Amino acid sequence: MSAPVHDEDRPGAGQETEGWPGPSRGAGRHAGRDGLPAVRREAGAAPRREAGDGASRDAGPGARQDAGPGPWQDPQPFLRGVAWLDRGRPVRADPADTMRLPWDTGERATLPIGVRLEFTTETARAVEIRYRATVPGPTDALRDLAHGFALWDRHGMVTEVFTDPAAEAVVRIDLGPGPFHGPFTLHPPENQSPVVLGLRGIGGALSPAPPAPRWVVHGDSITEGWWSTRPAHGWPAVAGRALGWDTVNLGYAGAARGELATAEQLAGLPADALTLAFGTNCWSRVPFTAPLLYETTRAFLELVRQGHPRTPLLLVSPVLRPDAERTPNRLGATLGALRDAMERATRDRIAAGDDRLAVLPGRDLLGPEHLADGLHPNDAGHQVLGLAVATALRRAGFGAG
């Protein structure tokens, strides 16, 4: 099932897209206490390397030459995790319906969170990716973040190559010794919003990976993957690998407060399964009462169901947030009360006959040791959460494989 394309200018095999606007200052994957953007310092991230340490560039004499490179191929058939296209660029909100969205949702939706390349090959020794990225200035808060391309297969990460963001560059990723066990998944860096202009195999042809069930996940900064050290480590990516599904990540840091315009966009987006995982920003960023969140959850589910009446849907209530569990917000609601309201709204709909709906209580999925900052999971927490979601989908009869 393909994503809807709102795309007036989709590039063909030989065309290039224009440079994608980079994230606003501080718009990394990490957030502060209330979901506000803050600079990420990636724990365990490898240092940035110069282009000669694993990356080759097209321009200039002395550039690395490889025998038998294939022709540059249009990246679009290889892209996965794409919700919408806007002039050839993957975006995470409907570009024909941005005026109804909150500003913070629109900002996060421009970042290519979860977008990746998937391919198979029988003989290629390496793949080259031609890309364009935002180049941070000397005082840019994101300048020191690792800019890495991670290659995975079904057994785990194969290799990782680090280079510098560039207005245009080529990075080479070796596939390792054969025989190959594709499909391969290539996760580009996300912070500098790279646009993939083309890819090609070295020593053999590349083919797009077979399609997989399309799983659309909506949530906040936790779903977006904040405080994971790599794009592939966020919980939706973990769960998608476990299920063998094509994960479409619609996590919006600082947002995801039950906006009904978002529910309507989800209703119009093709999906074989859906997961909703919002609520923590309803405690502090925009305070809700428990009755308000109960009714918001009911309305959100009703709007999604208007486009997906029988699509398997899992609601994950907010995970542990120690400072909020018993602390009233400005309207007197604790996170525990808000969580209960979301779960009750979902169970009431199930009791009314929605047998393709399930709820996963989030309170006990993570412990304090899984939280990097008291709010966002660390890599271990994302792993635990992703596998818990995959297990819940399977137990509900929604999982495949």
Can you tell me which of Leu301, Leu314 is aliphatic (A, V, I, L, M) and over 30 Å from Arg230 (Cα atoms)? Leu301
Return the residues of the range 221-237 that are open to solvent by less than 10 Å² (accessible area, probe 1.4 Å) and out of contact with any strand residue (DSSP E or B) (no Cβ under 6 Å at 6 or more places or on another chain); say none if nothing qualifies. Gly225, Ser228, Gly234, Trp235
Within the range 75-87, count every residue that is over 16 Å from Leu111 (Cβ atoms) and open to solvent by less than 20 Å² (accessible area, probe 1.4 Å). 2
Which numbered condition Trp226 fails, given (1) part of a loop (DSSP other than H, G, I, E, B); (2) more than 21 Å from Glu160 (Cα to Cα); (3) of a type outside the set (Val, Ile, Thr); (4) within 11 Å of the chain's Cα centre (by Cα): (2)
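Here is a yes/no grid of residues against (1) without any contact (Cβ under 8 Å) to a residue 60 or more places away in the chain; (2) out of contact with any Leu (no Cβ under 9 Å at 6 or more places or on another chain); (3) among the charged types (D, E, K, R); (4) surrounded by fewer than 23 Cβ atoms within 10 Å (Cβ to Cβ):
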site	(1), (2), (3), (4)
Gly244	no, yes, no, yes
Leu250	no, no, no, no
Pro270	no, yes, no, yes
Ala277	no, no, no, no
Trp283	yes, no, no, no
Pro287	yes, no, no, yes
Ala290	yes, no, no, yes
Gln306	yes, yes, no, yes
Thr311	yes, no, no, yes
Filtered residue count, the range 148-173, keeping only those that are surrounded by 15 or more Cβ atoms within 10 Å (Cβ to Cβ) and farther than 23 Å from Ala242 by Cβ: 12
Is it fair to say Val238 is of a type in the set (A, V, I, L, M, F, W, C), farther than 28 Å from Val286 by Cα and either in contact (Cβ under 8 Å) with a residue 60 or more places away in the chain or assigned to a helix (DSSP H, G or I) (or both)? yes
Of all residues in the range 336-394 being assigned to a helix (DSSP H, G or I) and of a type in the set (S, T, N, Q), which is surrounded by the fewest Cβ atoms within 10 Å (Cβ to Cβ)? Thr391
What pairs come up if the first residue lies in the range 346-362 and is more than 16 Å from Ala299 (Cβ to Cβ) and touching a residue at least 40 places away in the same chain (Cβ under 8 Å), the second is among the acidic types (Asp, Glu) and in a loop (DSSP other than H, G, I, E, B), and their beta carbons are under 7 Å apart, counting only those six or more places apart or on different chains? none
Hey, any hits in the range 187-194 for a residue that's modelled with pLDDT of 95 or more, under 30 Å from Leu365 (Cβ atoms) and crowded, with 19+ Cβ neighbours inside 10 Å? yes
If you go through the range 129-140 one residue at a time, do you hit one that is over 28 Å from Asp272 (Cα atoms), touching a residue at least 60 places away in the same chain (Cβ under 8 Å), buried (at least 21 other Cβ atoms within 10 Å of the Cβ) and β-branched (Val, Ile, Thr)? yes
Out of all the residues in the range 262-278, is one or more part of a loop (DSSP other than H, G, I, E, B) and small (Gly, Ala, Ser)? yes
Kindly indicate the residue of the range 91-106 that is open to solvent by 30 Å² or more (accessible area, probe 1.4 Å) and aliphatic (A, V, I, L, M) and also nearest to Gln265 (Cα to Cα) among those meeting that condition. Ala96
Hey, Leu292 out of contact with any helix residue (DSSP H, G or I) (no Cβ under 6 Å at 6 or more places or on another chain) and part of a strand (DSSP E or B) or not: no
Failed condition for Arg326, given (1) more than 17 Å from Arg257 (Cα to Cα); (2) touching a strand residue (DSSP E or B) at 6+ places or on another chain (Cβ under 7 Å), with all others met? (2)
With Pro179, Pro208 as the choices, which residue is modelled with pLDDT of 90 or more and either in contact with a Gly (Cβ under 8 Å, 6 or more places away or on another chain) or open to solvent by 40 Å² or more (accessible area, probe 1.4 Å) (or both)? Pro208
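The values are calculated or read from the model by the stated rules, or taken from the named source; none is laboratory data. Quick caveat: nothing in here was measured; it's all calculated off a predicted structure. Note: ideal-geometry Cβ built from the backbone for every residue, glycine included; neighbour counts use all protein chains shown. Accessible surface is based on the protein model in full, side chains and every heavy atom, while ligands, DNA and RNA are left aside. Shrake-Rupley method; radii C 1.70, N 1.55, O 1.52, S 1.80 Å.
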